[in-house]
Number of protein chains: 2
Amino acid sequence: MKESGRKAGAVSPCAACKLLRRRCAQDCVFAPYFPADEPHKFASVHKVFGASNVNKMLQELAEHQRRDAVSSMVYEANARVRDPVYGCVGAISSLQKQIDSLQTQLALAQAEVVHMRMRQLSTSSSPGAMDMAVDQAAMGESLWSC
Amino acid sequence: MKESGRKAGAVSPCAACKLLRRRCAQDCVFAPYFPADEPHKFASVHKVFGASNVNKMLQELAEHQRRDAVSSMVYEANARVRDPVYGCVGAISSLQKQIDSLQTQLALAQAEVVHMRMRQLSTSSSPGAMDMAVDQAAMGESLWSC
């Protein structure tokens, strides 16, 4: 139904053409990804990347890649509007810190498991108990890291 | 020394003015962040954001925020050049997956610690042993999540 609206030209321009005050052609590169009822999506990418750059970037991609490209550009543009200094890179930095913290916590928990296994086995009197503890610890680590 | 070069105008334009083939004014907004010997930095942000948008974004920031803003824009632009479909958002998605995996591994390791503590205490005959195990487990979790 939207397609037939666009065919009629100015009757129902996409959000991009509306903002750029131009006729929305039948083969408009923006129309499939920037519907008229979501004007904020194009407003963000226009502000951050510029309409001409978004156009160029989309033209350089195969059609089946364009929807994902638009989604990632909208995400990136919104991040830059929210945080004009760091944009998306602020999120990357914060996720990286979270990973560092989780890796530390995981190493501590794994060390605790190994320590408890060693203590358990050192109280048992079976021969080769320490070798078994090391084997079990190695097995545990390989299970965790899958 | 670079400043005096720029004062002479066209003698040593910054990378941005060189690419845009314009005179590099003494108060050029790009010059402090896009030195002539790193032309790729401006080439990337120009391709992805457009010179005019970069100019506007820098003008809207306080001077002490501009260096970080340029760094994050260069990072973002390079990511988009390398991966025109997902750009920076590809990195965010991959970090998020890494976090999910680490959280699963951590939960398994913490469960293993709790399980071992319970088993250890169930073999002991001291009164209130199970309560102590639960207390220790809770303490452990609060230590890990700090």
(Q) With a 1.4 Å probe, what is the total accessible area buried between chains A and B, in Å² rounded to the nearest 100? (A) 4000 Å²
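Filter A:K47/B:K18; A:K56/A:K97; B:K56/B:K97; A:K18/A:K97; A:K41/B:K41; B:K18/B:K97 down to the pairs with a C-alpha to C-alpha distance above 30 Å, please. All intermediate terms of the calculation are to be shown ahead of the outcome.
On the way: A:K47/B:K18 25 Å; A:K56/A:K97 35 Å; B:K56/B:K97 35 Å; A:K18/A:K97 41 Å; A:K41/B:K41 27 Å; B:K18/B:K97 41 Å.
With Cα atoms farther than 30 Å apart: A:K56/A:K97; B:K56/B:K97; A:K18/A:K97; B:K18/B:K97.
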**Q.** Summed residue charge, Cβ within 15 Å of B:I92's Cβ, Lys/Arg positive, Asp/Glu negative
**A.** 0
(Q) Let's see if you can work this out: charge +1 on each Lys and Arg Cβ, -1 on each Asp and Glu Cβ, no other charges. What is the dipole magnitude of the stretch A:29-69 about its Cα centre, in debye to the nearest 20? (A) 120 debye
Q. Tell me, what % of the accessible area of the stretch B:49-100 is carbon and sulfur with a 1.4 angstrom probe?
A. 49 percent
Q: Every other copy gets compared here: list the nm distances from the A:R21 label point (7 Å along Cα to Cβ) to its counterparts, shortest first, one decimal.
A: 3.0
Q. Given label points at 7 Å from Cα along Cα→Cβ, what nm distances, shortest first, separate A:D100 from the same residue in every other copy?
A. 2.5
Q | Label 7 Å beyond Cα on the Cβ vector: A:S122 copy-to-copy distances, nm | A | 2.5
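The values are calculated or read from the model by the stated rules, or taken from the named source; none is laboratory data. Fair warning: this is a prediction, and the values are worked out from it, not measured in the lab. All Cβ positions, even for glycine, are placed from backbone atoms using ideal geometry, and neighbour counts span all protein chains on display. With ligands, DNA and RNA removed, areas are computed over all heavy atoms of the protein, side chains included. Shrake-Rupley method; radii C 1.70, N 1.55, O 1.52, S 1.80 Å.
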